[in-house]
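**Q** Pasting a structure below so you can have a look.
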Amino acid sequence: ACWEWLKSGWVFSCLTNGSSDFSSPWPDLTISCGSRAVPVALAVRGASAGLTRSIHVQNPTINPKQFDLVIAPAHDQLDGANVFQTHGAVGRATAERLVQEAAAWRDRLANFPRPRVMVLIGGSNGRYQLGPARAYAIGAALKTFAVANNLFLLVTPSRRTGVENLEQLRRGLDDAPATVWDMTGDNPYYGWLGSADGVIVTEDSVNMVTEACATGRPVYILPLDGKGSAKFHRFHRAMQAEGYTRPFKGQWEKWTY
């Protein structure tokens, strides 16, 4: 039934008043991402009588032959002649961007000693859980890690971290050699990432882990509560096997990849 709706042009009616008109001339190429974009991309291809070439990023959850090219992470286990597999997610943390952002933040980081380790804190997502008790424990473990190894921590929460969890994380980090972004003002994410000598990332986000690995510096994976999923487990096993990441055990090691 869904595909009949597509053929009838139903998908175009889902667009808002601010959207561009869906009419000829059709584009030479569409680039879509995520399962929600699949119907629109295929509708454009159909309306163009196949003249519009199509690239889809991530697993489209339908036969990849519906597209000219699918770019999907290896842990999705999607195969096909037109499937290009990536290690992790396609992100925006290019080497060039990290250099530029690090330069932009150089003066604001001048008073923070090296080595600096950036800490990316995620949150609950249905596969993993982060609650106040776990957040406090993470903060305390990071404090011990920083003091024992003479490191300075650059800590960034995410929108999924939550106010109460962030408060408990700060309690655990009390008097630690660290700064925690307060979620206001300029976002330091890429500037800190480009300036860090290593990165610690909670295990709940493929995107955060992948972007951390764009630095080429040591990346430690910090466990959360929850069982994860088969896809997450495949991803983390592959990243460790390739030498990108190691489990966080409170030790400071340096390696390259």
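The values are calculated or read from the model by the stated rules, or taken from the named source; none is laboratory data. This one's a predicted model, so the numbers in the text were calculated from it and none came from an experiment. We place every Cβ from the backbone using ideal geometry, glycine too, and count neighbours over all the protein chains shown. Accessible surface is based on the protein model in full, side chains and every heavy atom, while ligands, DNA and RNA are left aside. Shrake-Rupley method; radii C 1.70, N 1.55, O 1.52, S 1.80 Å.
**Q** Restricting to the stretch 32-68, count the residues that are aliphatic (A, V, I, L, M), surrounded by fewer than 17 Cβ atoms within 10 Å (Cβ to Cβ) and either assigned to a strand (DSSP E or B) or at negative phi (or both). Can you show your working first?
**A** Going through the stretch 32-68, the residues aliphatic (A, V, I, L, M) turn out to be 37-38, 40-44, 47, 49, 51, 55, 57, 62.
Then keep just the ones that are surrounded by fewer than 17 Cβ atoms within 10 Å (Cβ to Cβ); that gives 37, 49, 51, 62.
If we keep only those that are either assigned to a strand (DSSP E or B) or at negative phi (or both) as well, we get 37, 51, 62.
Summing the residues that are aliphatic (A, V, I, L, M), surrounded by fewer than 17 Cβ atoms within 10 Å (Cβ to Cβ) and either assigned to a strand (DSSP E or B) or at negative phi (or both) in the stretch 32-68 gives 3.
**Q** Identify the single condition in (1) at pLDDT 95 or above; (2) under 22 Å from residue 102 (Cα atoms); (3) in contact with a helix residue (DSSP H, G or I) (Cβ under 9 Å, 6 or more places away or on another chain) that residue 203 does not satisfy, given that it satisfies every other one.
**A** Unmet for residue 203, out of (1) at pLDDT 95 or above; (2) under 22 Å from residue 102 (Cα atoms); (3) in contact with a helix residue (DSSP H, G or I) (Cβ under 9 Å, 6 or more places away or on another chain): (2).
The rows are residues; the columns are (1) under 19 Å from residue 211 (Cβ atoms); (2) surrounded by fewer than 18 Cβ atoms within 10 Å (Cβ to Cβ); (3) among the basic types (Lys, Arg).
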{"position": "70", "(1), (2), (3)": "no, no, no"}
{"position": "114", "(1), (2), (3)": "no, yes, yes"}
{"position": "122", "(1), (2), (3)": "yes, no, no"}
{"position": "128", "(1), (2), (3)": "yes, no, no"}
{"position": "132", "(1), (2), (3)": "no, yes, no"}
{"position": "142", "(1), (2), (3)": "no, no, no"}
{"position": "147", "(1), (2), (3)": "no, yes, no"}
{"position": "150", "(1), (2), (3)": "no, yes, no"}
{"position": "175", "(1), (2), (3)": "no, yes, no"}
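**Q** Moving on to the next point. Under the condition of being aromatic (Phe, Trp, Tyr) and within 14 Å of the chain's Cα centre (by Cα), which residue from the stretch 198-249 is surrounded by the fewest Cβ atoms within 10 Å (Cβ to Cβ)?
**A** By that ranking, first place goes to 232.
**Q** With (1) without any contact (Cβ under 8 Å) to a residue 60 or more places away in the chain; (2) surrounded by fewer than 19 Cβ atoms within 10 Å (Cβ to Cβ); (3) in a helix (DSSP H, G or I) as the list, and residue 165 as the residue in question, which single condition is left unmet?
**A** Among (1) without any contact (Cβ under 8 Å) to a residue 60 or more places away in the chain; (2) surrounded by fewer than 19 Cβ atoms within 10 Å (Cβ to Cβ); (3) in a helix (DSSP H, G or I), residue 165 violates only (2).
**Q** On to the next question. Scan the stretch 92-112 residue by residue and report those that are assigned to a loop (DSSP other than H, G, I, E, B), open to solvent by 50 Å² or more (accessible area, probe 1.4 Å) and not β-branched (Val, Ile, Thr).
**A** Result: 92, 106, 110, 111, 112.
**Q** Which condition number does residue 18 fail, the rest of (1) open to solvent by 30 Å² or more (accessible area, probe 1.4 Å); (2) of a type outside the set (Asp, Glu); (3) touching a helix residue (DSSP H, G or I) at 6+ places or on another chain (Cβ under 7 Å) being met?
**A** All conditions are met except number (3).
**Q** Taking residue 6 as the residue in question, decide whether it is surrounded by 11 or more Cβ atoms within 10 Å (Cβ to Cβ), within 29 Å of the chain's Cα centre (by Cα) and modelled with pLDDT under 90. I'd like the intermediate steps shown before the answer.
**A** On the way: surrounded by 11 or more Cβ atoms within 10 Å (Cβ to Cβ): yes; within 29 Å of the chain's Cα centre (by Cα): no; modelled with pLDDT under 90: yes.
No, not satisfied.
**Q** Let me ask something else. For the stretch 128-159, which positions are at pLDDT 95 or above, under 26 Å from residue 229 (Cβ atoms) and of a type in the set (Lys, Arg)?
**A** Matches in the stretch 128-159: 134 only.
**Q** Would you pick out the residues in the stretch 135-185 that are of a type in the set (Lys, Arg) and under 25 Å from the mean Cα position of the chain (by Cα)?
**A** 143, 159, 160, 170
**Q** Suppose the filter is in contact with a strand residue (DSSP E or B) (Cβ under 8 Å, 6 or more places away or on another chain) and either open to solvent by 20 Å² or more (accessible area, probe 1.4 Å) or within 15 Å of residue 118 (Cα to Cα) (or both); does residue 183 pass it?
**A** Details: in contact with a strand residue (DSSP E or B) (Cβ under 8 Å, 6 or more places away or on another chain): no; either open to solvent by 20 Å² or more (accessible area, probe 1.4 Å) or within 15 Å of residue 118 (Cα to Cα) (or both): yes.
Here the answer is no, as residue 183 does not meet what is asked.
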